Structures are given as C-alpha cells and as structure tokens.
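Read the figures in this text as sums done on the coordinates, not as results from a lab. Since the model is a prediction, treat every value here as computed from it, not as a measurement. So basically every Cβ, Gly included, is an ideal-geometry build from the backbone, and we count neighbours across all protein chains shown.
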Amino acid sequence: MHPTYPNLFRPLDLGFTTLKNRVLMGSMHTGLEEHKDGMKALAAYFAERARGGIGLMVTGGISPNRQGWLIPFGAKLSARSEVAHHRTVTSAVHAEDGKICMQILHAGRYAAHPLLVAPSAIRAHISPFKPWEMSGRLVKATIDDFGTCAALARDAGYDGVEIMGSEGYLINQFIAPRTNKRTDDWGGSFENRMRFPLEVMRRVREKAGKDFIVIFRVSMLDLVEEGSSWEEVEQLALALEAAGATMLNTGIGWHEARIPTIATMVPRGAYAWVTQRLMGKLRIPLITTNRINTPEKAEEILREGYADMVSMARPLLADPYFMKKAEESRAEYINTCIACNQACLDHIFQRKDASCLVNPRACKEGTLSVPPPPATSQKIAVVGAGPAGLSASTELAALGHEVHLFEASNEIGGQFNMAKRIPGKEEFYETLRYFGKMIEKNGVHLHLNTRVDADFLIQQGFQEVVLATGVSPRVPQIEGIEHPKVLSYIDVLLHNKPVGKKVAVIGAGGIGFDVSVFLTDPGHEQAPVEAYREEWGIDAQYRQRGGLMPAVKEQVPREVWLLQRSKGKVGDRLGKTTGWAHRLTLKNRGVRMWSEVQYDKIDDAGLHITVKGQAQVLEVDNIVVCAGQHSLRALQEPLQAVGIPVHLIGGAKEAGELDAKRAIEEGWALAMRAGVFAKN
C-alpha cells in the first residue's frame, strides 16, 4: 500500500486482467492520428506515458467507417489492411508494460465533411454541414461497423476499446431528444432512443470476446437543452452493464454546450459528484473525469467514494511521468497541467498537432532530433526569470552548462505573477512551483533582486547570454494619458493600486480580458465548486434534462467597459476553445464590450471616445491601459559589440500579445539546439 496515495495505487481487478493503478489516461486527439506516418509518432508518445506508469491509456478517437470521420480522411479502423499500422502503437506500449484501449468514435453531426450522418437531419451550430438522416438500414450497418472495428482493434493488439457515447457525438445524438426526432424503432421513447447504444455495446462484446476491456463513455451530464434526464442516464448505465460493459467512463457536456467544463476556470474535480450519483448502483467500476490534475485530488476523489478510477488526459500530456513521480513521493516535481488549452485543444481545432504549453516536448517524442552533448560546459547568463527565462535556464542547466539566472524582482515568474492573480487562473502557481523545483534540481544559480547591465555580464565572463527580459507596457498616444485616472495593467495586477467603481479598459486582448475578469470578480463566499455551478447554471440536484438551471446573477463590484480599436467581435483572437467562455463570463457580469473605438482624450470628466462615429464621454474613475507591449532588449547591442552571442526569446524577441506558450517553447528549443535534452 502506498503511504501517501493508497487508493490511487491500489490495483483494479477486472476479472480477466488487472490494472496496476486507478488512473486512466483519457482519450485526447493529438493530430498525429491523421499523419501518413503518424502511428510511429503515436507509438513514441504512448510508450513514454506507459513508462510513466499509467494504469490504462485510451487513444484519440478512431472512426469505425468513413461517415464517422471527424475530418476528411481522418483516423479510421474498418479494414484488415489498417491493422498493421495500429500494431506499431500497441507493440510499443506493451514493451513498456503498459495497457492501451482504442477509442471508437463516430462523429455523427459533428463531422467536418459532407458525408456526415445523424439520427435526424439537424445541423449542429458548431458544424458547417447539415447531416443526412440515417436510414434504418444504415443504422444497422453502423452497429455492425462498431463491432468490426472492435474485432480489428483486438487483432491489432489493443487491450480493449472505449465506445465514445458522450460529448454529443453520434451515440449521444441517438440518446438525447435534442437530436433524435425519429419516429421509427430508433426514436421516440427512451427505450427506443437507447436501443442504438445498447446494440452497439452488444455487437462490440460479441465481436471482441469476453476477455477484452470494453469501456463505454456515457454522457452523464449533457449540459444542453433537451438532453438526457438523470433517470435516463441511470437506466442506460444499468442496461450497458447488463449488455457486457467492463467499465463506464463519465462524459460531461456536449461540445456545443455553453458551459466551460475543462478550462482552467473550472474548479478541480468539479464533476466528480455526477459519477458519485451512480456509485453503488452498478457492479462494474465507474471512472470519473474533468479537471483532476494532481495526485492529491485524485486520491481524495477515490478515498471519498466518488469513483473507482480517475481519468486524466491533459495532465499526462503535461507530464508523462506524473504517476511515476507520485509513486516515488516526488509529486512536487510534477509538471502540472494548467488547463489553458492553448497548445492542445486549440491546436487541434486549428488542424495542428497537439502539444503542451508547459511541456513543449509533448507529441514530439518520436520526431525530436537529439543533438550530441556539448563538448564543454559553457557559462551562460539568462536575464529575466519569466516563463521564457525559466524554461531556457532549467533546460540548459540540465544539459550540464553553468547557468546563472538573473531577475530584477524578488521572485521568479515574470508575467505569470500577474496571471496567477486572475480568478480562474490560479493554476499558474503550479507552473512556478515546478520551475522552482527544476532550478534546484538542475543547479541553476538564481540571482533575485539583481538588475544586470552589459558591463557586469562582460566582466563576469559569460560566454553566451540569453535575453528573456520580457516586455514593458506600451503607452498609447492619447491626449491626457498622464492623467491620475490612468493605470497600467501592471499597476492593477502586480502593484495592487486602488481602482474605482467605474472603469474603462483600453485594449481587448488577453490582458484586457484578464484585467476585466479581475476587476469584476464577485468574491464568492461559498466553496469554489458551488460558486462555479451557480455562476454557470449547473443543477447538482439534476431536476431538469441536461442538468441545467438558471444561472445565479452575480453581484459584481465594478462597472466596466472593455474597449478595442479594431472592428469585429471583441476578443475574437482569444483561444478557440476558451475565448467564448471568457466573453460569456464578462457578458454575464454586465461588462460592455465595444469595438471600433477611437480614443480622443482623458481628463477629469473621464475618457472621451468616438464609437462608430458617435462621440461620447465615459464618466469613469479609472482608465486601465492594456494596449500592447514593447520588447526590452537594451542589452543586446553592447553585448554583441564585444562578440558575446546573444539569444532573444519570449517577449524580448517579439512583444505582441503576451504568449507563455511561445515563451516556454522558445526557451526549450534554444536548449535543444545546445545539447541533449535531459528528462526530469
């Protein structure tokens, strides 16, 4: 029994096989599935996580036929000729003593191609195509395709399959009255609507055999109008158990739901209560999911009886050795997922390969070109301990270089020290904790409260200098910009300067949104999960279909105007998978978001603006400027003048919007060019 995490590391006996711990690496699309030679990259990706000690892994969604493709020519397993490619993955995982299931996913009306089909011809607002309604013959053929896909998965060496029955994909579309308007044997009553998932489950079990893991991912909380009722969820779960499911996994929310379910603003373990409602009603294990990113939270959920197993996806993208570190009582060295979605889900929606903001190596395991080790250790100065400097210094030191990290302030973190103060972004504390540990582990010489100049760096004999000096706020040319009413975002987020009750925010990029969230935070008195459910209208009593209830109108402390100079939707450049939630948060708090704003002047009366040709005055107490940044790179020229190589990374290289993903990746990539990458 593990002394700290006894439940997390307790084996799970499934009868015909045993899982070594209670963590499932949940399904997550990486984009590698669609590459011509992607299976080799996937094999390296999953093999590293198998080495990390995960109990069971699940692949990204693989379609059982062409109509079920997520994208044209997407990942599919429907023919024997495709089996060999998958054996590349399963062989690599088994060589590392791991277990892996393949997820069978039919996109239904969520498919991004014109061949898409669904129970009824109802277009999803997140898809450009209207689906074809499935004939009764096609319904039966699709059930057979699921069974064939499972049998082929077994032949390919998978330990099991997960049937994707949630998140609004095809199976979920049959279950919910929202998307199933059929009048035949596959629609109408719940007995008819759940016939498709049950027939799929039976066919998969029949074709794959008894000694094969079959996880069914049930949508336990749809979070959409006309979704399933709790009584239907429970009835379906019992029927799936009787039909041969090995385990049930929890699915939360459809992709079209207007409630954030995995973003960083969602409290940890916020949906474990849904799974707990089924505990004790079935004999097979139940898996819970969503925003479980530390071994402590996973252990708590298992200890308190919320589930038999926990699912994590992005946390194992962030750190493939999550479980190994926890097992070795080194949890403080885990590179924690901060649920930002910037390099994983946002990349997928942009048709790029997934990666990870805090772990740029993710999904590059099989393609990383490793240079030879440096012949001699170099003395390197890294100036600036923001995300870029932290990344570069810890990686360079891990290679064996003598690295000195200089920071003018009294703590590491740079812009992260502002981000971590934004309500809903507290996870940034975890990244700074991780880098602090890496500084100690890799032997970085950290110099806080130390502002350096070129003469100092030259005198100290540094052979290379990395400038990660970041940015300074840009001051826009507006008449009256020096007025006492005017504050910078640094004044507000870092220096805690007082802010009045009426505020105009100039600049609607990521910083402007963060400042607006910070200024309108209602300061909840109840527990975070309860406050989150009230704010977004989630009914823990599950009295209505989909688990929805009216959101509680929040009392916000300030009246805020969020302004942008350009045309178009305010915040249109925010992340694809989280931007809508940030906009909705501010809308619900009464923030006025205006575009096409011309800033005329600032005086005692307030901010004088012209909006789409109409002049007006915002009688505000303060104006917070979030209008871009300038790179800080004053050290570059004097150092290069004496022949010292200078490397620019992060904000020092390119100001633009603050971009932690780019900053951390540039620091890591610099080290990769300098020597052999060392695992943590």
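Please compute the alpha carbon radius of gyration of the stretch 404-446, then divide it by the globular-protein estimate 2.2 N^0.38 Å. Two decimals is fine.
This ratio for the stretch 404-446 stands at 1.22.
Can you list residues whose amide H is under 5 Å from ILE538's amide H, if they're 5+ apart or on another chain and H is modeled 1.01 Å from N?
MET549
What is the helix-to-structure angle for 428-442, meaning the angle in degrees between its Cα long axis and the longest Cα principal axis of the chain, kept from 0 to 90 and rounded to the nearest 10?
80
Taking H placed 1.01 Å from N in the peptide plane, check which residues at least 5 places from ALA655 or on another chain put their amide H under 5 Å from its amide H.
Correct list: SER631.
Go through the stretch 479-484 residue by residue and turn each phi into a ³J(HN,Hα) via Karplus (6.51, -1.76, 1.60, θ = phi - 60°); whole Hz please, and just put x for glycine and proline.
After applying 6.51 cos²θ - 1.76 cosθ + 1.60, I find 4, x, 5, 8, 4, x Hz.
If packing is taken as the average number of other Cβ atoms within 10 Å across a peptide's residues, how do 200-206, 648-654 rank, most packed first?
Top to bottom by mean Cβ count within 10 Å: 648-654, 200-206.
Output the peptides 519-527, 459-467 sorted from most to least packed, where packing is the average of other Cβ atoms within 10 Å over each peptide's residues.
In decreasing order of mean packing, 519-527, 459-467 become 459-467, 519-527.
Take every Cα-Cα distance within the stretch 164-251, group them into 10 Å bins from 0 onward, and report for each bin the whole-number percent of pairs it holds.
P(r) over the stretch 164-251, rounded to whole percents: 19, 54, 24, 3.
May I ask for the net charge around GLN640, where only other residues with Cβ less than 14 Å from the Cβ of GLN640 are counted and Lys, Arg are +1 while Asp, Glu are -1?
Around GLN640, the surrounding residues sum to -1.
I'd like the chymotrypsin sites (Phe, Trp or Tyr not before Pro) in the stretch 1-81 restricted to DSSP loop residues with at most 13 other Cβ atoms within 10 Å, sorted by number.
PHE16, PHE73
As a test of the definition: which semi-axes, in Å, follow for the stretch 231-289 when you take the square root of five times each eigenvalue of its alpha carbon gyration tensor? Largest first, please.
24, 13, 9
In the stretch 12-349, what percentage of the DSSP-assigned beta bridges are antiparallel, given to the nearest 5?
That works out to approximately 5 percent antiparallel.
Across the stretch 638-653, in residue order, what do the Karplus-derived ³J(HN,Hα) couplings come to in whole Hz, using 6.51 cos²θ - 1.76 cosθ + 1.60 with θ = phi - 60° and x for Gly and Pro?
With the stated coefficients, the stretch 638-653 comes to x, 6, 5, 5, 9, x, 8, x, 10, 10, 9, 9, x, x, 5, 7 Hz.
In deg cm²/dmol and to the nearest 500, what is the mean residue ellipticity at 222 nm of the chain if only DSSP H runs of at least 4 residues count, each as -39500 (n - 2.57), divided by the residue total?
-8500 deg cm²/dmol, from helical runs alone.
If you average 1/r across every pair of different Cα atoms in the stretch 12-349 and take the reciprocal, what Kirkwood value do you get, in Å?
19.8
Kindly write out, for the stretch 67-72 in residue order, the coupling ³J(HN,Hα) from the Karplus curve 6.51 cos²θ - 1.76 cosθ + 1.60 (θ = phi - 60°), rounded to whole Hz, with x marking Gly and Pro.
5, x, 3, 6, 10, x
Roughly how compact is the chain, stated as its Cα Rg over 2.2 N^0.38 Å to two decimals?
Relative to the 2.2 N^0.38 Å estimate, the chain comes out at 1.01.
Counting only residues 5 or more places away or on other chains, whose amide H sits under 5 Å from the amide H of ASP600 once H atoms are built in the peptide plane?
Amide H neighbours of ASP600, under 5 Å, 5+ apart: HIS608, ILE609, THR610.
Antiparallel DSSP bridges in the chain: what percent, to the nearest 5?
Rounded to the nearest five, the antiparallel share is 20 percent.
Please state, to two decimals, what the Cα-based radius of gyration of the stretch 392-478 comes to when divided by 2.2 N^0.38 Å (N = residues).
Relative to the rule-of-thumb radius for its length, the stretch 392-478 sits at 1.26.
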